1. Collect residues whose amide H, placed 1.01 Å from N in the peptide plane, falls under 5 Å from the amide H of Y19; neighbours closer than 5 in sequence don't count.
2. Please find, in a Gaussian network model of the chain (springs between Cα atoms separated by less than 10 Å), the residue of G29, G44, G127 whose mean-square fluctuation is greatest.
3. Could you check what % of the DSSP bridge pairs in the chain are antiparallel, to the nearest 5?
4. From the P(r) of the stretch 14-189, could you give the percentage of C-alpha pairs in the tail past 20 Å?
5. Highest mean first, what order results for 132-140, 69-77 on Cβ atoms within 10 Å?
6. Go through I37, L61, H93 and say which Cα lies farthest out towards the positive end of the charge dipole of the chain; charges sit on Cβ, +1 for Lys and Arg, -1 for Asp and Glu.
7. Can you give me the relative contact order of the chain as a percent, contacts being Cα pairs under 8 Å and 6 or more apart?
8. Contour minus end-to-end for Q69 and V32, with contour as 0.36 nm per residue of separation and end-to-end as the Cα-Cα distance?
Amino acid sequence: MTHSKGRNVKGFNIINLLYHSNGISIPVGFGVVKKTIEFIDENGKKKRSSEVTKNEIARDLIKGAIQRQIPFTYILMDSGFASKENFEFITKHNKQFIAAITLCLRTPMSQERWKVEEYHKSLKSNGAIAKSLTKRVTTQISHLVMSMIAVFKLECLRIKDHLNHFALRAKVLIKANLAAMSELKKLCCA
C-alpha cells in the first residue's frame, strides 16, 4: 500500500535499515517481502501474502546490525513497525526506539526520519529501482542491490563533493553526453 496514492501499486516491498550519523546515510541491510502464498479474500479477489511478516524481517535486520556491531543507540521507525513485539525486541538488546505514531508529526526526530525518505527518493530516481523489467524474484533482487550500490556511491560522492545526489547524477550525465558527442564526432570525421 502506498500512502501517497492511497492504494496498492506494483513494485518492490522492501524493508531498509539505514544507518545515519553525522550527516551521512549508509544502507546497512535490506529485506524483501516475498508474497508467494496465493489466496482468495472474503470479496473473492485473488491476493498474495508472505510467509514472513515485515516486522519479522525488520527484527532480523536489527539483529544483524547488532551482530555486526554497528554503533547505534536509537532505532527510528515508521508507524507500521510500532508494535509491542518490536519494542520488546529492541529494548531486550539494550537499544532505544522512536516510532512515528501519528501522521504529520513535526519534531526534531521527523527531520531524522526524512533521511530515510531522501534515501528512498534517491533510490527511485537516481538508482532507477522502478526501471527493472525483470519478472523473477532473483533478478529483481539483483536489480535492487545494484540500485542500492549506485545510491551508496552517490552518497560517497556527496560527502566528497558536497553536492546532493541529483546534482551529482546530472554532472555524471553531462560528462557522459560530452564523451558520447566526442566519440560521435570522431566517427563522423573518420
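Readers should treat all values here as calculations from the given coordinates under stated rules, not as data from a laboratory. None of the values given here were measured: they were computed from a predicted structure. With ideal geometry, Cβ positions are generated from the backbone for all residues, glycine too; neighbour counts draw on all protein chains shown.
1. I26, V28
2. Top of the fluctuation ranking is G44.
3. On the way: 13 of 17 bridges.
Counting only bridges with both partners in the chain, antiparallel ones make up about 75 percent.
4. 65
5. Values: 132-140: 11.1, 69-77: 14.1.
Packing proxy ranking, top to bottom: 69-77, 132-140.
6. Farthest along the dipole direction, towards plus: I37.
7. Values: 169 pairs, mean separation 26.1, N = 190.
About 14 percent, as a whole number.
8. Details: separation 37, 0.36 × 37 = 13.32 nm, distance 2.26 nm.
Once the chain is fully extended between Q69 and V32, it gains 11.1 nm.
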